[in-house]
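Engineer: Pasting in a structure now, in structure tokens, and then I'll have a few things to ask.
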Amino acid sequence: LIRMQSNGNFAVELVEDSIFEWYVTIEGAKGSFYEGEKFKLRFHFDHTYPMSPPEVTFVVKVPGWPAPEVGTKSASGDCPSQAKGAAWPESWGMRKHHCPIHPHIYTNGHICLSIIYDDWSPALGVEAVCHSMVSMLSSAKEKNPPADNEMHVDSGATSARKVTGWDFHDNEA
């Protein structure tokens, strides 16, 4: 935690002063669809960490951040997760959230990325996961939600860990 704070790549804060739950702010890389946008990841650690991965999700509604402007052609830039002038087409849905619009990120914050599930290694840490998230965002070929986003979100799955059947078929992420 101290090392992550001191290197300046990511902003880390404890949620309610608990060492078991962190918010980490990541920023879209220059030259990517997400340049100039910020997102918060929630890390929840249980007693099995580091042998088991932390639960990692994007924060859907960041306290203190204004809501993104959905259904707009040119955003004001007031919301940190929406670049100034960015469009939010109706095809992305009308749910207001602070998650990145990405083919592997659901609007309820769930992330389809194998290293936080099946391919977890105790050698990985929070910083490695954050770098992987920025890399995943940077590799996007389009800015669209997952094809099954509405179905997944409407299923009511509240814990990303309890989701079964992730299909890690895209080696690009």
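Engineer: Distance from the Cα centre of segment 92-123 to that of segment 15-72, in angstrom?
Structural biologist: Using only Cα atoms to place each centre, the spacing works out to 10 Å.
Engineer: Run the dipole for the chain about the Cα centre, Lys and Arg Cβ at +1, Asp and Glu Cβ at -1, nothing else charged, and hand back the magnitude in debye, nearest 20.
Structural biologist: 400 debye
Engineer: Given a 1.4 Å probe, how much area per residue of segment 1-130 is accessible, in Å²?
Structural biologist: That works out to 49 Å² for each residue.
Engineer: Express the relative contact order of segment 43-149 as a whole percentage, based on alpha carbon pairs under 8 Å and six or more residues apart in sequence.
Structural biologist: 26 percent
Engineer: A follow-up question, please. Compute the acute angle (0 to 90°) between the alpha-carbon long axis of helix 126-138 and the principal axis of greatest extent of the alpha-carbon atoms of the chain; round to the nearest 10°.
Structural biologist: Roughly 30 degrees, rounded to the nearest 10.
Engineer: Given R₀ = 41 Å, what would the calculated FRET efficiency be for Ala87 paired with Leu14, taking r from the Cβ atoms and rounding to 0.05?
Structural biologist: 0.70
Engineer: Give me the number: length gained by fully extending Lys96 to Met51, i.e. 0.36 nm times residue separation minus the C-alpha to C-alpha distance, one decimal in nm.
Structural biologist: 12.7 nm
Engineer: Could you look at segment 42-147 and say what percent of its accessible area is carbon and sulfur, using a 1.4 Å probe and all protein chains?
Structural biologist: Carbon plus sulfur share of accessible area: 55 percent.
The values are calculated or read from the model by the stated rules, or taken from the named source; none is laboratory data. What you are looking at is a predicted structure, and each value in this text was computed from that prediction instead of being measured. Here the Cβ is made from the backbone with ideal geometry for all residues, glycine too, and neighbour counts use every protein chain on show. These area figures cover heavy atoms from the full protein model, side chains too; ligands, DNA and RNA do not enter into them. Shrake-Rupley method; radii C 1.70, N 1.55, O 1.52, S 1.80 Å.
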